[in-house]
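The values are calculated or read from the model by the stated rules, or taken from the named source; none is laboratory data. What you see is a predicted model, and the numbers here were worked out from it, not measured in a lab. FYI the Cβ positions are ideal-geometry reconstructions off the backbone, even for glycines, and counts take in every protein chain you see. Side chains are part of the model used for accessible areas, which takes the heavy atoms of the whole protein and leaves out ligands, DNA and RNA. Shrake-Rupley method; radii C 1.70, N 1.55, O 1.52, S 1.80 Å.
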Amino acid sequence: MIKNFKPAIAAAAVSLAMMSQMAVAAEEQFFPLIDYRVGPYGSNGQAFYGGFIDYLNYVNLKEKGVNGVQMTYEECETEYNNAKGVECYERLKGKAAKSAGPLHTMSTGISYALIDKSAQDKLPLAMMGYGRTDAVDGSVFPYAFPLVTTYQMQASAIVKFLKDKNGGSLAGKKIVYLYHDSAYGKEAIVALNAEAALNKFELVQIPVAHPGNEQGAQWLKIRQEKPDFVIFWGWGVMNQTALKAAQKVAFPREKMIGSWWTGSEEDVIPAGEAAKGYMAATWNVAGKQVPVIADIEKVVYGAGKGNLQDKAKIGTILYNRGVSAAVLSVEAIRKGQEKYGKGKALTGEQTRWALENLNINDARLKVLGATDLLPEIKTSCDNHEGSGKVKIQQWDGAKWVPVSGWIEGNKALIHPLFQASAKQYAKEKGITPRDCSKEK
Amino acid sequence: MLYREAGQFKTTYAADQQIFPIRQDRIGVIALLVVAFIGVPLFASEYWFSAILIPFLIFALAALGLNVLTGYAGQLSLGSAAFMAVGAYAAYNFQLRIEGIPILVSFICAGLTAAGVGILFGLPSLRIKGFYLAVATLAAQFFIVWCLTKFPWLSNNSSSGVISTQRLIIFGHELTTPVEKYLLVLSIVVVMALAAKNMVRSATGRAWMAVRDMDVAASVIGIKLMPTKLLAFAVSSFYCGVAGALYAFCYLGSVEPDGFSLEMSFKILFMIIIGGVGSIMGSFLGAAFILLLPIFLDIALPFFAELFGLPFSSATVSHIQITVFGALIMFFLIVEPHGLARLWQIAKEKLRLWPFPH
């Protein structure tokens, strides 16, 4: 027995020795990855975190890290379970004390559980596109970043898109909001109510119970209501079911528009023909025509260091989204190094500063080969979202086609809602908000 | 030899009736408490406190609650997680709505609220039993979670239904570090475990067991079925409610109704099945087994994978973990259907005879 294992042990010893040598030789920027590849949303996690890790490796291979600092990571499987997420966080926290990139949980529940803890431990939490959405107000939530867009801003952007499509007015129209009856589905309601009051359309709310594979009653109601549009906030198996149900009651899919959780290949392909014409919001385009995605495939997979077992996922919406999350994280590291010293790994506290002072414009995105992978982002202490823009894309039966430019939600309407909610949180928790005018 | 009662004479009723009548047990329990209260805080790391010890104690408390109901009173229940949810949301609301209420008082009130809800859902137990009752308590599981999502007042109109718990202030001192939270949870759990141990030895506990073993016979010898069963539901829900409050305040810090899913109820049920139905200690052993084994495998498997050069990804580890876990549960239940507590009891009996078994 022992004999058989000898080579393996020797190899392990050698690689350990090499790894420890490398640790001495170069600075390392550590990314704690609280991710999921099994469990109810495992397939989404595989694509997203696959893209994330591939980009980290890409930076290491292509430019030998950020100013010589290698990107490293450790994964911990949460199975999309809140308690496990906390356990994973505690496990990786020790390692992250030395250097830490932003933590992406891809789960609202886990983010909520970590918001207080991460602020206490000075580790920045990035919640791209999800929330706790009132963390947009950085004066109360210094360590939480709902970057790029929030559910509320996204709902507002969708309303704006419909308004433009409808000749600039939605007055007297009827819009059904069909949503997953959970924290995720409910977040957008407050924004839609505000929009309904402003634009004088009628909003009909129809919840779907988890997991949502039975929607007969809901679609019957939709048929009775005869709405002009359906705004759809679905999740997992609920999405394909909705598309098939819409086909059954002959509701035109061109009038259905979903949130960014409902617009991946995983959602539309199983629905088959029923998905054709359906639209969804997104903050990144799909496909390999984005230069950086094609380059990752060449460089990372060429070197045999790709993270995905199923290479077909490269270039899908969720994969590209993972890459875009990593692009943003790595840009934050770059930004932080400008302030705290090039060639040095950043601590969580320093990364936090960087995330709050991001300024990624289109020119920079072009240099990165990431045009359309992200909207322009400029964050500040009182705006942890930094963008609030989404694109609308349409499924043509084989691929997602963007049908709009970047649309920004109604910030003047939505952001005060966040501030009010953050204020209430600060009061409940006894937090004294920072004075953002004093931040540099 | 080690575990010999010879020479321990009890000359008073008080001595005969104490919780741990054997001296070795007393010494063992005191040693354990000393280690838990003093030794552990000195040596354990932050990870141990916030990711392992605190959830272990909280789930042990919930399992204790279910064990009172299922193990001692014989009423099957699948609603433990829901009662935890009641406790968590009740404690949050007491803190929120009553100015200046001490946190410990709101924990007790949370327990009482859960007890009230528990009695409500225990009412069917007067007519139905066994699996049928389990299905009835399943209603609690769904109804309570639905209720918490449906009425925004319960989560203080939070747009998402998620609550974020208030600060833990006890006698003007705010508990922030994991060690402090651990000590708080530990104190509560120790007090409640001793209370439970006493309760099941008292007339109440004996009545529960009589009902469990045969309710017709119990009523013939004069035990009133209704109060006995409902009391079991109340006590059990009280324990679950307090566990839920601790889960929200000392462990996660923020909870959502969906977090208290049926899956969690099953987990608590597995804890008492593995640990030992009808045993206080079994609740602790079961909680330890169900919670710690996956974490242990999670850490150990990648280590072995690296040692033998196996291509493990974190997803593979997760899958293996689920498989091993299931296999071990089957193994344990075949080898010892009465759970880990029974194994411990057998060990004690063997020690009593050692080294001359007969």
Practice task
Quickly work out the residue B:24-to-residue A:303 label distance, labels modelled 7 Å from Cα along the C-beta direction, and quote it in nm with one decimal.
Solution key: 6.2
Exercise for the section: Let me have the 222 nm mean residue ellipticity of the protein assembly as shown computed from DSSP H runs of 4+ only, each contributing -39500 (n - 2.57), with the sum over all residues rounded to the nearest 500. Expected result: -17500 deg cm²/dmol
Practice task
Read phi for every residue in the range A:253-264 and hand back ³J(HN,Hα) as whole Hz from Karplus 6.51 cos²θ - 1.76 cosθ + 1.60, θ = phi - 60°, with x for Gly and Pro.
Solution key: 5, 5, 9, 10, 9, x, 7, 6, 7, 9, x, 10
Problem - Rounded accessible area of residue B:192 (nearest 10 Å², 1.4 Å probe) - result: 20
Completion exercise
Of all DSSP beta bridges having both residues in chain A, the percent classed as antiparallel (nearest 5) is 30
Handout entry: Shape of chain B, Cα gyration tensor, a/c cut at 1.5
Key = rounded
Practice task
Mind scanning A:84/A:313; A:244/A:399; A:174/A:411; A:255/A:366 and naming the pairs with a C-alpha gap bigger than 25 Å?
Solution key: A:84/A:313; A:255/A:366
Problem - Inter-label distance for residue A:26 and residue B:142, nm, one decimal - labels placed 7 Å from Cα along Cα-to-Cβ - result: 5.6
Exercise for the section: Kindly write out, for the range A:221-236 in residue order, the coupling ³J(HN,Hα) from the Karplus curve 6.51 cos²θ - 1.76 cosθ + 1.60 (θ = phi - 60°), rounded to whole Hz, with x marking Gly and Pro. Expected result: 4, 4, 5, 5, 6, 6, x, 7, 9, 10, 9, 10, 10, x, 7, x
Completion exercise
Taking Cα pairs closer than 8 Å and at least 6 residues apart, the relative contact order of chain B in percent is 30
Handout entry: Paramagnetic reach from residue B:197 (point 7 Å along Cα→Cβ, amide N under 14 Å) across the range B:5-46
Key = B:17-36
Exercise for the section: Taking the Cα centre of the range B:133-231 as origin, sum charge times position over the Cβ atoms of Lys and Arg (+1) and Asp and Glu (-1), and report the length of that vector in debye to the nearest 20. Expected result: 200
Exercise for the section: For chain B, build the charge dipole from Cβ charges (+1 Lys, Arg; -1 Asp, Glu) around the Cα centre, then report which of B:247, B:223, B:331 sits farthest towards its positive end. Expected result: B:223
Exercise for the section: Between residue A:349 and residue A:62, take the C-beta separation as r, use R0 = 25 Å, and let me know the FRET efficiency to the nearest 0.05. Expected result: 0.35
Fill in the blank from the handout: Taking the dipole of the range B:124-201 about the Cα centre (Lys, Arg +1; Asp, Glu -1; charges at Cβ), the one of B:151, B:189, B:135 that reaches farthest to the positive side is B:135
Handout entry: List A:335, A:366, ordered by accessible area with a 1.4 Å probe, largest first
Key = A:366, A:335
Fill in the blank from the handout: Per residue of A:112-122, other chain Cβ atoms within 10 Å number on average 4
Fill in the blank from the handout: Expected max-MSF residue from B:117, B:29, B:255 in the GNM of chain B (alpha carbon, under 10 Å) is B:29
Fill in the blank from the handout: Checking rank on A:39-51, B:196-208, A:187-199, with mean other Cβ inside 10 Å and highest first, the result is A:39-51, A:187-199, B:196-208
Handout entry: Where A:244, A:200, A:427 fall by accessible area, highest first, once all protein chains stay in place (1.4 Å)
Key = A:427, A:200, A:244
Exercise for the section: Count, for each residue of A:426-433, the Cβ atoms from other chains sitting within 10 Å of its Cβ, then give me the mean as a whole number. Expected result: 2
Fill in the blank from the handout: If unit charges are put on Cβ atoms (+1 for Lys and Arg, -1 for Asp and Glu) and the dipole of the range A:342-416 is taken about its Cα centre, the option from A:359, A:345, A:397 lying farthest towards the positive end turns out to be A:345
Handout entry: Residue pairs, from the table A:200/A:391; A:64/A:288; A:200/A:389; A:342/A:429, whose Cα atoms sit over 26 Å apart
Key = A:342/A:429
Handout entry: Any cysteine of the protein assembly as shown lacking a neighbouring Cys Cβ under 4.7 Å - listed by number
Key = B:109, B:147, B:240, B:250
Handout entry: Selected from B:59, B:289, B:303 as most flexible by GNM, with chain B as the system and alpha-carbon contacts under 10 Å
Key = B:303
Exercise for the section: With r as the distance between the Cβ atoms of residue B:206 and residue B:332 and R0 = 35 Å, compute the FRET efficiency 1/(1 + (r/R0)^6) and round to 0.05. Expected result: 0.75
Handout entry: Interface burial for B against A (accessible surface, 1.4 Å probe, total of both chains, Å², rounded to 100)
Key = 3100
Practice task
For residue B:43 paired with residue A:249, estimate the spin-label separation in nm (one decimal), with each label point 7 Å from Cα along the Cα-to-Cβ line.
Solution key: 6.3
Completion exercise
Counting only DSSP beta bridges fully inside the protein assembly as shown, the antiparallel percentage to nearest 5 is 35
Fill in the blank from the handout: Output ordering of A:167-173, B:52-58 (per-residue mean of other Cβ within 10 Å, highest first) is B:52-58, A:167-173
Handout entry: Simple Cβ-charge dipole of the range B:233-358, Lys/Arg +1 and Asp/Glu -1, about Cα centre, in debye nearest 20
Key = 560
Fill in the blank from the handout: Note on the range B:211-340: alpha-carbon gyration tensor, axes a ≥ b ≥ c; rule is a/c under 1.5 for rounded, else prolate if a/b larger than b/c, else oblate; result oblate
Handout entry: Among A:253, A:37, A:91: highest mean-square fluctuation, GNM of chain A, C-alpha pairs under 10 Å
Key = A:91
Practice task
Rank these residues by their accessible area, most exposed first, probe 1.4 Å: B:351, B:246.
Solution key: B:351, B:246
Completion exercise
Mean separation of Cα contacts under 8 Å (at least 6 apart) over the residue count of the range A:267-377, i.e. the relative contact order in percent, is 31
Practice task
Ignoring everything but the protein chains, give the 1.4 Å probe accessible area of residue A:210 in square angstrom, nearest 10.
Solution key: 120
Problem - Cα Rg, Dmax, the protein assembly as shown, angstrom units - result: 28.4, 96
Handout entry: Shielding by partners, peptide A:79-86 (average Cβ within 10 angstrom, other chains)
Key = 5
Handout entry: Packing-based ranking, highest mean first, of A:352-364, B:154-166, A:141-153 given that Cβ atoms within 10 Å are counted
Key = A:141-153, B:154-166, A:352-364
Exercise for the section: Please report, in debye to the nearest 20, how large the charge dipole of chain A is about its Cα centre when each Lys and Arg carries +1 at its beta carbon and each Asp and Glu carries -1 there. Expected result: 320
Practice task
Return a whole-number percent for the relative contact order of chain A, with Cα pairs under 8 Å and 6 or more residues apart as the contact set.
Solution key: 20
Problem - the range A:88-178 - Rg over Rh from alpha carbon coordinates, Kirkwood radius - result: 1.17
